[in-house]
Amino acid sequence: MLDFDPLYSTPQAASIERFIEEHYAIAGSVRCRLLHRGLNDVYLVTNNSGQRYVFRLSHVRARGRADVETETAFLDHLSRSKVPVAAPIPTRDGTLYTQGRAPEGVREGVLFQAVAGREPIATDAGDARANGKTLALMHNAAETFSSDGALYRLDLEHLLHRPLTRIRDSGIVEDAKVLSDLEDIASRSAEAIDALGNLTWTYCHGDCHGFNARINDAGDAVFFDFDDGGPGYLAYDLSVFLWAKVSFGRKLTPMWDAFIEGYRAVRPIAPFDFEAARRFVIVRHIWLMGEYASRSQEWGSNAVGWIAREATFLKTWETDRFADRLF
């Protein structure tokens, strides 16, 4: 019996190697090393012949367990539809994901073929267009995918209201005025989005900020990291790229224009969805704040202290973009 109950454990690489060899029919032995520890644990896996894979071990988040069943089914659908994505590799028994026991409980694992290509460049318009094109191809393919079994929906409850509650409950924002500002901004954003009417609904990547991709030799953006995805607003899926170009002091809106150009070369965007994407920048930022706030017990309050300073960005974005519609 442990004296200290674990909230979040980090498996040793050797145990990941044994787990993969047990559950996957990969030729020869494998070696792995930890690439990233955070919202998930990600390992680079290499076998004797030099083939490379990525193993992602999900962590239980405040929103609930990882929806790996729907995620991997969608990835398999996209791969069969010729959308450039990192498709999951089946286990020995044919499933697209597996589960393993950790000190804190059961965690879900998925093995992916490693994506060849280079990391996108934040200021490269061609890379931005490539991201837009692949997202449009993904949304086209999503029209023939059933997501009825998804564990959660990317609606305002999931993206805005519950994250705001996590921020409030975490105690990270101690200034009552700042907390009140966040609540007011969230309320106005929700009202404005609801007023836009019937926005397009699709299966979303959920995290298309420009770097969950590799640019292959053909110049295509090959997508990965779909664990934030689910059925939700198309406008939100678009907005994540815009958010990535304007948040945390960035001023890269020309890349947003290139991204939209790439998207529209494949698929049109309804005017009301395009208008809503700017509103969803605020929603995306609050969602991220809520994700980090919910991890304060694991990462420590210092690691998430930036949350208390973000009302300034949200107020500035709201004022600059929607000042004529605030009152």
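The values are calculated or read from the model by the stated rules, or taken from the named source; none is laboratory data. Note that the structure is a prediction, hence the values are computed from the model and not measured. Every residue, glycine among them, receives a Cβ derived from its backbone with ideal geometry; neighbour counts consider all protein chains shown. Remember, those area values only see protein heavy atoms, side chains included, never the ligands or the DNA or RNA. Shrake-Rupley method; radii C 1.70, N 1.55, O 1.52, S 1.80 Å.
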> In the stretch 98-126, how many are more than 29 Å from Ala27 (Cα to Cα), at pLDDT 95 or above and in contact with an Asp or Glu (Cβ under 9 Å, 6 or more places away or on another chain)?
Replying inline: 3
>> Looking at the stretch 43-61, I want the residues that are more than 17 Å from Phe19 (Cα to Cα) and have a partner that is part of a strand (DSSP E or B) with Cβ atoms under 9 Å, at least 6 apart or on another chain. Which pairs are those?
In response: Gln51/Val45; Gln51/Gln113; Val60/Gly105; Val60/Val106; Val60/Arg107
>> Based on this model, can you work out whether Leu78 counts as part of a helix (DSSP H, G or I), open to solvent by 50 Å² or more (accessible area, probe 1.4 Å) and of a type in the set (A, V, I, L, M, F, W, C)?
In response: no
> Looking at the stretch 180-191, which of the residues that are in contact (Cβ under 8 Å) with a residue 12 or more places away in the chain and over 24 Å from the mean Cα position of the chain (by Cα) is most open to solvent (accessible area, probe 1.4 Å)?
Replying inline: Arg188
> Within the stretch 101-111, how many residues are in a strand (DSSP E or B) and open to solvent by 20 Å² or more (accessible area, probe 1.4 Å)?
Replying inline: 4
> How many residues are in contact (Cβ under 8 Å) with a residue 12 or more places away in the chain and assigned to a helix (DSSP H, G or I) when one looks only at the stretch 149-167?
Replying inline: 11
>> For the stretch 192-242, which positions are in contact (Cβ under 8 Å) with a residue 60 or more places away in the chain and either assigned to a helix (DSSP H, G or I) or β-branched (Val, Ile, Thr) (or both)?
In response: Ala192, Ile193, Thr200, Thr202, Ile215, Val222, Leu234, Tyr236, Asp237, Leu238, Phe241
>> Let me spell it out: the conditions are (1) open to solvent by less than 20 Å² (accessible area, probe 1.4 Å); (2) part of a helix (DSSP H, G or I), and Thr91 meets all of them except one. Which number is the exception?
In response: (2)
> Do you know which residues across the stretch 18-33 are touching a residue at least 24 places away in the same chain (Cβ under 8 Å) and crowded, with 16+ Cβ neighbours inside 10 Å?
Replying inline: Phe19, Ile20, His23, Tyr24, Ile26
> Applying the selection to the stretch 112-153, what residues are surrounded by 17 or more Cβ atoms within 10 Å (Cβ to Cβ), farther than 19 Å from Tyr97 by Cα and among the polar types (S, T, N, Q)?
Replying inline: Asn131, Thr134
> Considering only residues of the stretch 35-75 that are in contact with a strand residue (DSSP E or B) (Cβ under 7 Å, 6 or more places away or on another chain) and acidic (Asp, Glu), which is least open to solvent (accessible area, probe 1.4 Å)?
Replying inline: Asp41
> Do you know which of the residues in the stretch 263-311 that are among the basic types (Lys, Arg) and in a helix (DSSP H, G or I) is most open to solvent (accessible area, probe 1.4 Å)?
Replying inline: Arg309
>> Give me the residue from the stretch 192-209 that is in contact with a Lys or Arg (Cβ under 8 Å, 6 or more places away or on another chain) and open to solvent by less than 30 Å² (accessible area, probe 1.4 Å) and, out of that set, farthest from Ala73 (Cα to Cα).
In response: Ala192
> Is it the case that some residue within the stretch 166-179 is among the hydroxyl-bearing types (Ser, Thr, Tyr) and loosely packed, with under 15 Cβ neighbours inside 10 Å?
Replying inline: no
> Quick one: would you say Lys245 is at pLDDT 95 or above, over 20 Å from the mean Cα position of the chain (by Cα) and either more than 17 Å from Leu39 (Cα to Cα) or not in a loop (DSSP other than H, G, I, E, B) (or both)?
Replying inline: no
